[in-house]
Amino acid sequence: MLPRFLACPPVRRSQEGLVGRVESPTQTHSPHSPAAKFLYQSPPGEVIVGAVFRVTGFPLTIPIFITNFGNLAVLLPIAAAVLAWLSWSPETRRLGVFWAIALALCGGTIGLLKVYFWDCPTGPIHSPSGHSGLSLLVYGGLACLTASQTQRFTVPAIAAGFGLALGIAVSRIIIGDHNPVEVLIGLAIGGAALAIFASALTHNRAPLSIKWLLIIATVLAVIVHGQHIQAEQLFHLIGGYLYSKGLLYCLR
């Protein structure tokens with residue numbers, strides 16, 4: 001019997017193709033959302049989901065487990081730990097400012113795009129992936145900090161950080177929460193924010209030992225994994241309100 005956090009209802013096939021009834025213990029991923037239709041009603045999406053079903057026997061269990069590492073409930077505590085670590089010493093507080101700027105730019109840009117595209121969808125874009133963008137910034141930022149301190153672990157750190165971020169991005173497509181275009185938009189925004197922080201890191205090396213930060217980040221990820229902060233609904237409410245009041249103009 002699977003642990004509760006790995007439990008997942010089976011995928012059922014409709015006349016239109018594979019339609020996943022995807023549920024985590026605290027969150028439902030609607031198969032009727034535009035993103036899910038884009039994925040599951042297209043041949044590539046059916047191939048992906050079908051392959052996962054045949055190989056694992058538990059269609060979306062593994063992608064849901066991976067995608068939960070990209071939820072705000074996990075990313076915000078880790079990002080806060082990085083900010084506190086950088087702010088601890090006067091020598092690294094400048095880096096802390098750049099980290100805060102990168103977080104604000106990434107989260108703010110994705111949030112604004114979610115507000116806009118929810119009521120003004122353009123082609124396949126309904127909701128750029130916040131999981132993908134913020135995961136690339138947070139886990140990529142940890143990887144860059146680790147690589148800046150030790151050459152011996154540069155390759156493993158980069159592989160682990162960026163590999164996890166990429167895995168989260170792919171999982172968003174597999175479970176049907178986002179389509180490839182929305183994931184790429186999220187990655188582009190997260191990558192731009194990470195570039196700002198990485199650029200500052202090349203000119204301001206952090207002298208503090210990264211070991212305790214990595215331990216704290218790992219413990220936080222384990223403790224809060226599976227918890228969910230539903231910011232998406234808030235963005236939808238804001239967008240709906242602005243649109244109903246005529247304050248949101250769709251450029252189309």
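The values are calculated or read from the model by the stated rules, or taken from the named source; none is laboratory data. Quick caveat: nothing in here was measured; it's all calculated off a predicted structure. Using ideal geometry, Cβ is built from the backbone for each residue, glycine included, and neighbour counts are taken over all protein chains shown.
Take A100 and tell me if it is farther than 23 Å from I66 by Cβ, at pLDDT below 90, out of contact with any Gly (no Cβ under 6 Å at 6 or more places or on another chain) and small (G, A, S).
Answer is no for this residue.
What single numbered condition from (1) farther than 30 Å from L242 by Cα; (2) over 15 Å from the mean Cα position of the chain (by Cα); (3) in a helix (DSSP H, G or I) fails to hold for F117?
Going through the list (1) farther than 30 Å from L242 by Cα; (2) over 15 Å from the mean Cα position of the chain (by Cα); (3) in a helix (DSSP H, G or I), F117 breaks only (1).
State which residue is surrounded by the most Cβ atoms within 10 Å (Cβ to Cβ) when the search covers only the stretch 203-225 and only residues that are of a type outside the set (A, V, I, L, M) and modelled with pLDDT of 85 or more.
Of everything passing the filter in the stretch 203-225, H225 is surrounded by the most Cβ atoms within 10 Å (Cβ to Cβ).
Read through the list (1) closer than 22 Å to F235 by Cα; (2) in contact with a helix residue (DSSP H, G or I) (Cβ under 9 Å, 6 or more places away or on another chain); (3) surrounded by fewer than 19 Cβ atoms within 10 Å (Cβ to Cβ), then give the number of the only condition that F117 fails.
(3)
Looking for something in contact (Cβ under 8 Å) with a residue 12 or more places away in the chain and closer than 20 Å to A79 by Cα - is there at least one such residue anywhere in the stretch 110-125?
Scanning the stretch 110-125 turns up at least one residue that is in contact (Cβ under 8 Å) with a residue 12 or more places away in the chain and closer than 20 Å to A79 by Cα.
What is the residue count in the stretch 68-103 for residues that are more than 25 Å from D177 (Cβ to Cβ), crowded, with 22+ Cβ neighbours inside 10 Å and either within 21 Å of the chain's Cα centre (by Cα) or not hydrophobic (A, V, I, L, M, F, W, C) (or both)?
Looking only at that region, the number is 2.
Considering only the stretch 114-159, state which residues are polar (S, T, N, Q) and within 30 Å of L251 (Cα to Cα).
If we filter the stretch 114-159 for residues that are polar (S, T, N, Q), which is where we start, we get 122, 127, 129, 132, 135, 146, 148-151, 154.
Hits for the stretch 114-159 are T122, S127, S129, S132, S135.
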